[in-house]
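Working notes for the structure below.
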Amino acid sequence: MAMPTDDSMRTGDESERTTDVNSYQRTCMDFIEDISHDYEAWVDYYKLPEDEDKRRREGIRATITKTNTWIAKVATSIPAIDVVMNDGIQKMAESTAGKPLQIGVFVNKTASYTEAKPGIIDVNVKATARKGRKVRLGYHFKDDRFRIESTCGAYLDETNLPLDDFEFMDIHLKLHAENAKQRDVISFTVTIYEFENDVETEKRGLSTIVHIV
């Protein structure tokens, strides 16, 4: 039994077979509901204490509601629906894995589901290490520091990144969205490592979606 992660994300095959936005919205909303059961099955498998079990399930269910609202009301094109759907899948994986680290990612002082105007968008990343440990900016995949999808070619600036170790991280990243237009969407994941005596103890990602207004 393998926990569904990024491999569960839609690759666009189905979106290439339809031009009906309303139909595709419904298909993807159903898919979000269906795949949530896989994540809940993993919560069952972990046999967690009652409070942690409840916390993870609530995170999954909240993601279904919020993601499907964005698919229905924010995403106005098939590419935008894919970005929103994949963001929801990523967020469900994060809830399923649990959140032992205090991490916050903020756009315009708002977390998780956010809004911004076109241009260079400030992304504030905060993380707190547990006692005796430190945190640093990590990699989402081996060679990819960030996971990012958008309808406008957005990217996170990787020059002069703050790569120090912190007890309390409070850093700023630049999200380039100069080509964005109203109704575009951007989803990205920032990954944080926690270390103790230079040995990695935890790795967690936190996903954010931005609606360009």
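The values are calculated or read from the model by the stated rules, or taken from the named source; none is laboratory data. Only a predicted model underlies this, so the values are computations on that prediction, with no experimental measurement involved. Note that we place each Cβ from the backbone using ideal geometry, even for glycine, and neighbour counts take in every protein chain shown. Surface areas here come from the heavy atoms of the whole protein model, side chains and all, with no ligands, DNA or RNA. Shrake-Rupley method; radii C 1.70, N 1.55, O 1.52, S 1.80 Å.
Points worth noting:
- Top-ranked residue in region 106-121 [being over 21 Å from GLU178 (Cβ atoms) and outside any strand (DSSP E or B); ranked as least open to solvent (accessible area, probe 1.4 Å)]: SER112
- Qualifying position, being at pLDDT 95 or above and under 30 Å from ILE78 (Cβ atoms), among LEU137, LEU206, LEU161: LEU206
- Pair list, Cβ < 9 Å and 6+ apart or interchain, from region 49-72 residues that are in contact (Cβ under 8 Å) with a residue 12 or more places away in the chain to residues that are surrounded by fewer than 17 Cβ atoms within 10 Å (Cβ to Cβ) and aromatic (Phe, Trp, Tyr): GLU52/TYR46; ARG56/TYR46
- ILE148 vs. criteria among the β-branched types (Val, Ile, Thr), at negative phi and open to solvent by 40 Å² or more (accessible area, probe 1.4 Å): yes
- Residue in region 134-143 that is within 28 Å of ASP82 (Cα to Cα) and of a type in the set (Phe, Trp, Tyr) present: yes
- In the condition set (1) over 17 Å from the mean Cα position of the chain (by Cα); (2) open to solvent by 10 Å² or more (accessible area, probe 1.4 Å); (3) farther than 21 Å from LYS91 by Cα; (4) modelled with pLDDT of 95 or more, MET169 is compliant with all but (2).
- Of all residues in region 1-38, exactly one satisfies the criterion of being over 21 Å from ALA72 (Cβ atoms) and modelled with pLDDT of 95 or more, namely ASP38.
- Among the conditions (1) among the small types (Gly, Ala, Ser); (2) open to solvent by 50 Å² or more (accessible area, probe 1.4 Å); (3) touching a residue at least 40 places away in the same chain (Cβ under 8 Å); (4) closer than 26 Å to TRP70 by Cα, ALA177 misses just one, which is (2).
- Residues in region 122-143 that are open to solvent by 80 Å² or more (accessible area, probe 1.4 Å) and assigned to a loop (DSSP other than H, G, I, E, B): ARG130, LYS131, TYR139, PHE141, LYS142, ASP143.
- Among the candidates THR69, THR76, residue that is assigned to a loop (DSSP other than H, G, I, E, B), closer than 21 Å to LYS181 by Cα and open to solvent by 30 Å² or more (accessible area, probe 1.4 Å): THR76
- Residue check for PRO49: in the same structural domain as GLU33 (by the TED database) and within 30 Å of LEU161 (Cβ to Cβ): no
- Residue list for region 174-192, restricted to those being part of a loop (DSSP other than H, G, I, E, B) and not aliphatic (A, V, I, L, M): GLU178, ASN179, LYS181, GLN182, ARG183, ASP184
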